[in-house]
Amino acid sequence: MKLYHDKLMYEHNTLALHARADTFACVTNDAELLEALAWARTAGVDVVVLGQGSNIILAGDVQALVVQQAVRGIEVLDASDTDVILRVAAGENWHKLVQWTLQNGYYGLENLALIPGTVGASPIQNIGAYGVELHSLLLRVHARRIADDKPVTLDNAACQFGYRDSVFKRECKDQLVITAIDIKLSRRPSVNIGYPALAAFFADRPHIEPTPQAVFDAVVGIRSSKLPDPSVEPNAGSFFKNPSLRSEAAARLLAKHPDLPCFSQGSGSVKVSAAWLIEQCGWKGHRAGDQGVHPQHALVLVNYGSGSGAQLLTLANKIVASVYEKFGVALEIEPRIYGFNL
Ligand code: FAD
Ligand code: EPU
């Protein structure tokens, strides 16, 4: 395991922010991970776990050992006529895993195509897109405790998954390095095309049969048409979560703004479109210096050059304030912010 000191993090975050890490190590197997954790304990420094940096905002330098989890491997644990159970190491690339499962006739991940990042990060915010969330396929998360290396396994219920939420953002925050996940996929093709954009895609193209491969292709096409590629326009995907409102509050808002896109959650709450709220406040396409709001998707903040994380957060705070003033709705930032109180 090689340690890098005063490491420039530019290439390790998709917002291409120029912060530095005190110390950085990329670990490609369990022994290297243990070595890195031992080094941090001896040096008395905090550990920050990193995947591919597609959901972080580096607001300043990171005073910690940043451990990039790059352990690879996919193992078939069990297979029947109907299902397969896979153990996937945390450092695998998520989109490549989705492609690999499709190629092998294992179905269920199609709607989650083209989400950047690693498998190890996927449980942190319970990644979700186009009507599917990770929690519906995940059996277990395997991890090591940062404090004492102890291997731990959390079953699905213990992960306490919610919308962009899990125990890893709360009680277990900063305590675990996820090493692998177990997922259960189907060997029988079945598709989920209920999400409005997907439903519209297939309704407009009745000649295309919605097979898992066709759903994968449709998701890749839809995403590519509306979300900017971080390697061209550095971004972290959705900068804010879609706010969840009590049904009564949502009904009051909808009475005034009938065009507001919203999705009932069951349980008396309604998720409303943060992108719509931001667009109505006039931010879509806004640009000030090197920071801006993408002209095609109001939820995506872009670093167009050498902007800093702190500047980006200043823009984000202005957006939050204006949405609150106009609609009385509080937006919450989605990516994890580093470089403040570490
Ligand atoms: P990182 O950004 O490196 O880390 C994110 C957080 O997870 C950090 O707090 C980090 O400490 C923690 N973490 C990472 N790996 C581990 C580990 N092994 N053990 C413990 N903690 C760990 N997300 C969605 O849900 N749906 C989308 O549709 C979606 N679209 C996106 C589109 C774009 C263009 C971009 C840039 C991002 C998008 N995202 C989306 C967000 C992002 O892809 C996911 O959150 C992804 O899971 C982050 O993976 P990562 O490896 O880059 O994590
Ligand atoms: N919309 C606007 N203005 C815009 C963009 C969208 O009004 O600039 C409206 C659309 O017309 C649509 C609604 O907002 O009615 C929803 O748009 P979209 O389908 O693009 O989804 P989203 O709610 O903006 C969420 C996730 C995405 C995920 C997509 C698809 C969050 C915070 N974001 O975006 O996840 O890919 O749904 O399921 O939940 C991410 O987390 O980084 C991310 C990209």
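The values are calculated or read from the model by the stated rules, or taken from the named source; none is laboratory data. Treat the numbers as computed from the prediction; the structure is a model and nothing was measured. Note that we place each Cβ from the backbone using ideal geometry, even for glycine, and neighbour counts take in every protein chain shown. Protein only, heavy atoms only, side chains kept; ligands, DNA and RNA dropped before computing areas. Shrake-Rupley method; radii C 1.70, N 1.55, O 1.52, S 1.80 Å.
What to note about this one:
- In the range 286-342, the qualifying residues are those that are within 27 Å of Asp174 (Cα to Cα) and of a type in the set (Asp, Glu), and the one that is least open to solvent (accessible area, probe 1.4 Å) is Glu334.
- Checking each residue in the range 128-139 for being part of a strand (DSSP E or B) and either under 11 Å from the mean Cα position of the chain (by Cα) or crowded, with 18+ Cβ neighbours inside 10 Å (or both) picks out Gly128, Ala129, Val132, Glu133, Leu138.
- The set of residues in the range 330-342 that are within 16 Å of ligand 2 (Cβ to nearest atom) and assigned to a strand (DSSP E or B) comprises Ile333, Arg336, Ile337.
- Residue within the range 264-277 that is open to solvent by 70 Å² or more (accessible area, probe 1.4 Å), more than 16 Å from ligand 2 (Cβ to nearest atom) and over 20 Å from the mean Cα position of the chain (by Cα) present: yes
- Criterion (more than 21 Å from Tyr338 (Cα to Cα) and of a type outside the set (Ser, Thr, Tyr)) met by exactly one of Glu32, Glu11: Glu32
- Restricting the range 208-241 to residues that are more than 9 Å from ligand 2 (Cβ to nearest atom) and among the charged types (D, E, K, R) leaves a set whose member that is surrounded by the fewest Cβ atoms within 10 Å (Cβ to Cβ) is Glu209.
- A search for C-beta distances below 9 Å between a residue of the range 292-309 that is touching a residue at least 60 places away in the same chain (Cβ under 8 Å) and of a type in the set (S, T, N, Q) and any residue that is open to solvent by 50 Å² or more (accessible area, probe 1.4 Å) and within 13 Å of ligand 2 (Cβ to nearest atom), counting only pairs 6+ apart in sequence or on different chains, returns Gln296/Ser225; Gln296/Lys226; Gln296/Leu227; Gln296/Lys284.
- Conditions (1) farther than 25 Å from Pro234 by Cβ; (2) touching a Lys or Arg at 6+ places or on another chain (Cβ under 6 Å): number failed by Arg41: (2)
- Breaking point among (1) farther than 30 Å from Ala158 by Cβ; (2) in contact (Cβ under 8 Å) with a residue 60 or more places away in the chain; (3) open to solvent by less than 70 Å² (accessible area, probe 1.4 Å), for Ser186: (1)
- Residues of the range 305-329 satisfying the condition of being of a type outside the set (A, V, I, L, M, F, W, C) and in a helix (DSSP H, G or I): Gly309, Gln311, Thr314, Asn317, Lys318, Ser322, Tyr324, Glu325, Lys326
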